[in-house]
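The structure under discussion appears below in the form of structure tokens.
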RNA sequence: GGGCGAUUAGCUCAGUUGGCUAGAGCACCUCGUUUACACCGAGGGGGUCAUAGGUUCGAGUCCUAUAUCGCCCACCA
């Protein structure tokens, strides 16, 4: 056996193996293989993420453990990587970073900055993934703004349009006044706030007074109707009467509405043109009412709001409340908590503005999407519930158009003469209607003047296609078809309602199938106190610092700490434990390997009791570990290996065989070496998915010459071996030895005797055979073991 | 308001279909340099398994309430 250094220099060796894997194409997808395919769809991260934190490491590593396991299990693994660099998140990032005022920059200039910025971001991610040893096939990468992704996104639009799932309509949509674009229901976040319920008095034409209650008095200029519950006796004689609104002097009529709760507030509700879901629903029930378009897309009132024109919502509120007080129309106000919807990207209050947008019809197929959710294999299972609830609660069709610059353009124009929508030809994709022109005149009026669609697509319009984009990177068409649906989607739980849901929508409509068979959902990375990691709190550590300090293997080891789907706190001690495991593996291997003969694989000759025992334990560990990995329970898989390696193998077995490998008895030595070899190669294989660097190092140091595969990561996973099985009785019999060993150790420790020091005799109540007595005396340095 | 998780040693967490005299790692205390490892080994202290009921021969594990925390969802204006 060649020289075995005393210490393992992870900094240098990890760098070495990174390069080796890349040079040798270890993780390259083999297009000619006929092994079963295992394809993986992991989230293309937003490259605009300003910082990478341990939460990212956690969720990507967890998927990667499984990927490595499957690769060793004999699957032809397809693991591409994408970067999400289109859409609103990137735009907001660039706007903030460069303090851009979009009115003072051209569309093209802005897009150029975005493209430049995303290149930098993608490189940062790639560097981190590589230093972590992520086993991606880097020749298969995509970005969501590249031509390939644009082509597929535009194809998706055309196909869904053809299938009648896409429509354009002018109706109230969710609107962000800060981003100045329409958004989708999935982009909303609910925020509970301390608010006030204002009781406002209005005059009735009969001379009576009517008090209605609202949390949003600022919408008064857009009031389009007032309703009470049909059987509410208090207001019976006022129904149908003209109500004169305070401040604006406009009038509406008092109507009845089943949805009004007579017990809440004054039992009188006013409805406004952009107040919220309740108002939209009310308008549907009261088509006679006329919406008042008093709010501009920038969030300011316009001339329809009379004296309140030009005011922002917030300012309008205080002004209107003030004015109401002044004229004595504010009866009272009560404190209450209520839920406001905000845009998740910028936390701006969402408004409801009637605009013309593109939609994908999802509401009509809610049941089918729910059914797809049932067909999907969920790991862990309880995550299914989040999906189910979301699908059931859907209220809006998916608005896919954004009034922004940086995104995939819609493949269409409008005829300037007749307004007809002219779609691009599939064969011309991708196109940009701003630069390209239709290749034929308007099919309706033969006109040749066109207006491009200036809106861009919602970023999810593209990322919902990642299974297609990923598999589409395979040139071989026959093979490409075998790649869809993919095998595994791995993602975090907070994007179930977006990424997962939208991907299922697309696959269902396009292919009438699920996009993948399994979904593995990770939890959140939290800080040490259990708080969500956020930029504002600054409560995160930089992964690259940890990797430099403890090594990538140690960092990855930490990521196994959370059970599947569970949240995990940051805990540097766990990283240290990973580092210690690496060191321990190194040292244990040093002991074993220095006894190995490099020429040929050892074979089993005459195994001794302790050999049979450890091999049986090894066998159990293989079974347990495999079973857990098959269920995506990387955490439990690691646990099984840890227990075996530290407790059984190091604490007991290595102590048992030391004297044999240093000794002269060839038969005894050979069987010890066979057992050591079998155990060690298995241990490093079982650890390989989690600790790819140290296991590769150990594999290359000795096993490669005999095991043939170029890297441990493409070597075959260890299978349970029938020959190694032991009956329960045999195991129990041997465990008596362990008990006596424990007793000897305890005796020595309590008496301050070094474990290496020989003692004269040791008495035990446990009945041991002569073989067993012999084993205890030699390994524990007791001249004579006296047992019953 | 509805739902889903969680609640086990000082800390972070395991405890699979009920059999546990409740485990691990860290931390703590004591001992020990032994030809793999002091980034170590050995030994030890420490828990009425959130609370209250119930099912059972037997419950950390199942049921029913309650409490606290976290998350998801939700138009009572």
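Here the spin labels are modelled as points 7 Å beyond Cα on the Cα-Cβ line, and at residue A:191 and residue A:784 they lie 8.3 nm apart.
At q = 0.14, 0.15 Å⁻¹, what is the base-10 log of I(q)/I(0) for segment A:312-438 according to the Debye formula with one equal point scatterer per Cα and no solvent? Please give it to two decimals. Rounded to two decimals, the profile gives -0.99, -1.04. Entry note, chain A: the mean residue ellipticity at 222 nm calculated from DSSP H runs of n ≥ 4, each adding -39500 (n - 2.57), is -12000 deg cm²/dmol after division by the residues and rounding to the nearest 500. Is chain A rounded, prolate or oblate when judged by the Cα gyration tensor, a ≥ b ≥ c being the square roots of its eigenvalues, rounded requiring a/c under 1.5 and prolate requiring a/b larger than b/c? Because a/c hits 1.5 or more and a/b exceeds b/c, chain A counts as prolate. Along the Cα-to-Cβ line of residue A:454, 7 Å from the Cα, sits a label point; which residues in segment A:108-123 have backbone N less than 16 Å from it? A:108-111, by backbone N distance to the label point.
Packing around the peptides A:557-567, A:55-65, taken as the average count of other Cβ atoms within 10 Å per residue, puts them in this order, highest first: A:55-65, A:557-567. Distance from the C-alpha centroid of segment A:55-121 to that of segment A:421-448: 31 Å, rounded to the whole angstrom.
Take each of the peptides A:719-730, A:522-533, A:165-176, average the number of other beta-carbon atoms within 10 Å over its residues, and list them starting from the highest.
Details: A:719-730: 12.4, A:522-533: 16.9, A:165-176: 18.8.
Averaged packing, sorted descending, gives the order A:165-176, A:522-533, A:719-730.
The modelled label-to-label distance between residue A:105 and residue A:706, using points 7 Å beyond Cα along the C-beta direction, is 6.2 nm.
For segment A:340-360 versus segment A:547-615, the spacing of their alpha-carbon centroids is 51 Å.
When DSSP beta bridges are limited to those with both residues in chain A, what percentage is antiparallel, rounded to the nearest 5? If you can, show how the numbers build up before the last one.
Working: 57 of 85 bridges.
For chain A, the DSSP antiparallel bridge percentage is about 65.
Compared with the alpha-carbon gap, the fully stretched path from residue A:445 to residue A:423 is longer by 6.5 nm at 0.36 nm per residue. The stretch between residue A:723 and residue A:658, if pulled fully straight at 0.36 nm per residue, gains 21.0 nm over its current Cα-Cα span.
Full extension of the chain between residue A:322 and residue A:371 gives 12.4 nm of extra length, using 0.36 nm per residue less the Cα-Cα distance.
Rule-based calculations on the coordinates, nothing more; no lab input. Computed from a prediction, not measured in an experiment: that's the story for all the values here. Neighbour counts are summed over all protein chains in view; Cβ atoms, including those assigned to glycine, are modelled from backbone coordinates with ideal geometry.
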